[in-house]
Amino acid sequence: MQRTYKLMRQLLVVVALLVVSTGCSNTESTIEKTTKNEVLNLPKSQQLQELPFESGIGRAIIIFEESGADCIIYAKGLNPGEKYTISLVVDNGVSPGVIFGPIENVKMKVGSLEDEVMFKPNSEGELFVSMRNPIRLFTVAKEELFFKIESENKKVIMKTVPFLVNK
């Protein structure tokens, strides 16, 4: 009887551990869950937001400050022989957005800027650039915003998940 009780107790502990471990093992990120079919809503009070690209390797990072927002783009896997434009698209393209450039407005960490607004990745296909933008670009948007990297022939290579900044 005591042996059966001890075996049942051990079995119960093992089952409890399995339930807990499977409940905590969800590796899919929260941002992926919330953005597959909807726009990600960012609170204005949130100081830093990281946005993955829907296709391609890289991230857009927005650092909100009172006077403006630093927009950092990191992209990997680009063709080193091509040039690209980087844009912040506002109101899903209805309103004029912002194209990154010229050199006075951007900080280049990896890659180079050619022809005022054309970015060329390094030999490994990497690009790391930042540009400061006014907060109003984010807060006046009525529809979704997103960052995009476009090739010289206007083909969208990478695009972030869409987002809105709550006022």
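Points worth noting:
- Shown for the range 112-167: the carbon plus sulfur share of the solvent-accessible area, taken with all protein chains present and a 1.4 angstrom probe, equals 49%.
- 1.4 Å probe accessible area per residue over the range 49-164, in Å²: 49 Å²
- Point-to-point label distance, ILE99-LYS155, nm (Cα→Cβ direction, 7 Å offset): 1.9 nm
- Entries of LYS109/LYS154; LYS120/LYS154; LYS76/LYS107; LYS109/LYS142; LYS107/LYS154 with Cα pairs more than 21 Å apart: LYS109/LYS154; LYS109/LYS142; LYS107/LYS154
- Charge sum, other residues only, whose C-beta stays under 12 Å from GLY58's C-beta, Lys/Arg counted +1 and Asp/Glu -1: +1
- Other residues within the sphere of radius under 13 Å centred on the Cβ of GLY125, judged by their own Cβ, net out at 0 (K and R +1, D and E -1).
The values are calculated or read from the model by the stated rules, or taken from the named source; none is laboratory data. The shown structure was predicted, so the numbers you read here are calculated from the model rather than taken from an experiment. Because the Cβ atoms are built from the backbone with ideal geometry, glycine has one as well, and the counts that use them run over all protein chains shown. Surface accessibility is based on the protein's heavy atoms, side chains included, excluding ligands, DNA and RNA. Shrake-Rupley method; radii C 1.70, N 1.55, O 1.52, S 1.80 Å.
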